[in-house]
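Data block below; observations after.
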Amino acid sequence: MGVFMPRDFPNRVLNFINGKANLPFTQKDELIATFYIFGKDHKVNGELEITYVKDIARKTMEGIARQVRIHAINPISMNQELLRENFNKRSMQILIDSNSKNTEKKVNFDITKRISRDPTILSDCCAWHLAYYKQDYFFKLFNPLRSNELPSNIVQQLEGRMIMLGFNVKNSSTLPYDDPIIPFFQWLGELPT
């Protein structure tokens, strides 16, 4: 899971965790867009794997909906200091996990990037903002992508994989794009390889 809009969302997360910013750190009318990529190493092959991914995607959507409901009906869960504390605990877990995997005992300068892009933290942030602003949201799952459907600079990254995108608007017709996948392709094409 990741967030590709707003583009500086990971920095906003870090600023919140570090106490340099408070929630909400998006505006009510600001578009939040998430992505989930399925089929990492061997792509998604055949109907059985497509059905399996659809099941995972459905469970993921249900999990987000559950998080939003919890935040919406439980004022304590909307407490930003509690959320910051939970994120700090998650950050410590990431740091400990990173250190246990680092057999050479070298300092991992990538740790803040991992924390700011952690799916658990990002998912909680998105659910919090959806509940706070009482926003509608939708998800769209794309079947395995073929090379002729992809911009040439991202074929290697996405060919044969399934993508689910989520947006904090009611449906795709309220987006400023002809297709919800366009801003994701643009964002992915701009990332350094």
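Please compute the modelled spin-label separation between Q80 and R58, points set 7 Å along Cα→Cβ, answer in nm with one decimal.
3.8 nm
Per residue, how big is the convex hull around the C-alpha atoms of the stretch 120-193? Give it to me in cubic angstrom, could you?
On the way: hull volume 8.4 nm³, N = 74.
So the per-residue Cα hull volume is 114 Å³.
Based on a Kirkwood Rh over C-alpha pairs, give the Stokes-Einstein translational diffusion coefficient of the stretch 1-113 at 10 °C and viscosity 1.306 mPa s in µm²/s.
Working: Rh = 17.1 Å.
The diffusion coefficient I find is 93 µm²/s.
Using only DSSP helix segments of four residues or longer, with each worth -39500 (n - 2.57), what per-residue ellipticity at 222 nm results for the chain after dividing by its residue count and rounding to 500?
Values: 7 runs with 94 residues, N = 193.
About -15500 deg cm²/dmol.
Tell me, what HN-Hα J-couplings in whole Hz come from the Karplus equation 6.51 cos²θ - 1.76 cosθ + 1.60 at θ = phi - 60° for each residue of the stretch 11-27, using x for Gly and Pro?
5, 5, 4, 4, 4, 5, 4, 7, x, 8, 8, 10, 7, x, 10, 10, 7
What is the ratio of the Cα radius of gyration of the chain to 2.2 N^0.38 Å, where N is its residue count, to two decimals?
Numbers: Rg = 17.5 Å, N = 193, 2.2 N^0.38 = 16.3 Å.
After normalising by residue count via 2.2 N^0.38 Å, the value is 1.08.
Of the listed pairs K20/K113; K134/K170; K89/K134, which have alpha-carbon separations greater than 20 Å here?
On the way: K20/K113 17 Å; K134/K170 11 Å; K89/K134 27 Å.
From K20/K113; K134/K170; K89/K134, over 20 Å: K89/K134.
Coordinate-derived values only; no laboratory data. Predicted model only: the values in this text are computed from it and were never measured. Cβ coordinates were reconstructed from backbone atoms using ideal geometry, including for glycine residues, and neighbour counts include every protein chain displayed.
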